[in-house]
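Encoded as structure tokens, the structure appears first; notes follow it.
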Amino acid sequence: MTTTRLPHPAEADREHVKPARLSPTDLLLLGLSALRTRPLRAVLSALGISIGIATLVVVTGIPASSRTALMEEFAALGTNLLRAEAATGTNDEPASLPPDSLAMAERIGPTEKVSAVANTHAVVRRSDRIPDAETSGLTVLATKLNLLDTLNGRVRLGAFLNQATENFPTVVLGNIAATRLGITAPDTQVRVNDTWFTVIGILAPLPLAPEIERSALIGWNAAKDVGFDDRPTVLYLRAQEAAIGDVRAVLPPTVHPQNPSQVRVSRPSDALTAKRLTENTFSALMLGLAAVALLVGGIGVANTMVISVLERKREIGLRRALGANRGQVRTQFLTESVVLCLLGGVAGVTLGAAATAGYAAAHAWPAVIPLGTVAAGLAAAVLTGVIAGVYPAVRAARLTPAEALAAP
């Protein structure tokens, strides 16, 4: 006869007892408890990861701000601008382009804006008392009305030529031309050859076109009174940046079909090449510095968590004795590491954004904080917390209750 042993009630109860599952809120409070009890250590530990994430934000934010300012400067200087001019004259005539060259250039597909000036070979003087031999090195240019818009220029004082004033003896002076003539305000007269012209405007500096700064600009129609032959000498053309090379190739035969070799076209702006090189340099700099910063911050947090395990052996033993299993102990320390790094990441993002904004303001740049960098910084903080907390968490979970409680 076989007898069956019934389990003791206490044993049956133990078989049905399962470790309590900790909710995410409990885990968070448990992870924060150690930070609350050791606030100074928490601050110093978070400071390491904060510096790392702040460095990540700074090394991306400052180059992004600088790049935005640089791109604005490049746009002002005209990375999509071409300058076509007559190289030499023919039959002892001054160098010039065909009269219909402006209209022909406008027919090029990717062209956005075209304007023209023409050297009238006239002389501008401050008064009729100045000897003929003194010219001040200034050029009198017949000007199309859209020149300023094409060059992204602006008027510093007064106004630019318009459809009314271009037919009358009015003149707009470049910044350097006004200085050489001693003119500081509009409504002053200057003498172009033997005709008095009224100054109606003075231009702001034009680094894109320094020849305009040293010129007196008169209307296309008014220039005929000083011997202008209606033939432009320089074309300024803006085209779509992606097609700038193709436009440059077809511009000479388009504006001067009979003799394209006599047309000299400026190369695409060196700023365009600098723009591309700058983007690559900033990207490499960002990756290198961010990696070093995160490595330093992660090592600091890992060191802090290892020390925390060594100092809290009794706490670990007490929790194990009260029923906490290895998984709960492991999750506790891992959560603490992640929370510590996340708080440091938030502080680092804030610190990095403030530093970037301050640096950009000091250099008169637009402050740019890439949202992708903020998200990447917080994600990197969490990832660093996981990596830095794995070994200390596993080490804490391996401690038996007796070993932990017997620790000095």
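All of the numbers you see were taken from the coordinates with simple rules; none came from a lab. Predicted, not measured: the structure shown is a model, and the values here were computed from it. Quick reminder, even Gly has a Cβ in these numbers, built from the backbone with ideal geometry, and neighbours come from all protein chains shown.
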Practice task
Return yes when Arg214 is surrounded by 15 or more Cβ atoms within 10 Å (Cβ to Cβ), more than 16 Å from Arg125 (Cα to Cα) and touching a residue at least 24 places away in the same chain (Cβ under 8 Å) and no when it is not.
Solution key: no
Completion exercise
Note on the stretch 151-169: residues within 36 Å of the chain's Cα centre (by Cα), closer than 23 Å to Val234 by Cα and not in a loop (DSSP other than H, G, I, E, B) are Val155
Exercise for the section: Could you list, in sequence order, all residues of the stretch 117-134 that are under 44 Å from the mean Cα position of the chain (by Cα) and not small (Gly, Ala, Ser)? Expected result: Val117, Asn119, Thr120, His121, Val124
Fill in the blank from the handout: Okay, helices (runs of 4 or more DSSP H) sitting entirely in the stretch 171-266 with 1 or more residues that are among the polar types (S, T, N, Q), I get 175-181, 244-255
Practice task
Within the stretch 100-133, track down each residue that is within 17 Å of Ser215 (Cα to Cα), in contact with a Lys or Arg (Cβ under 7 Å, 6 or more places away or on another chain) and assigned to a loop (DSSP other than H, G, I, E, B).
Solution key: Ser127
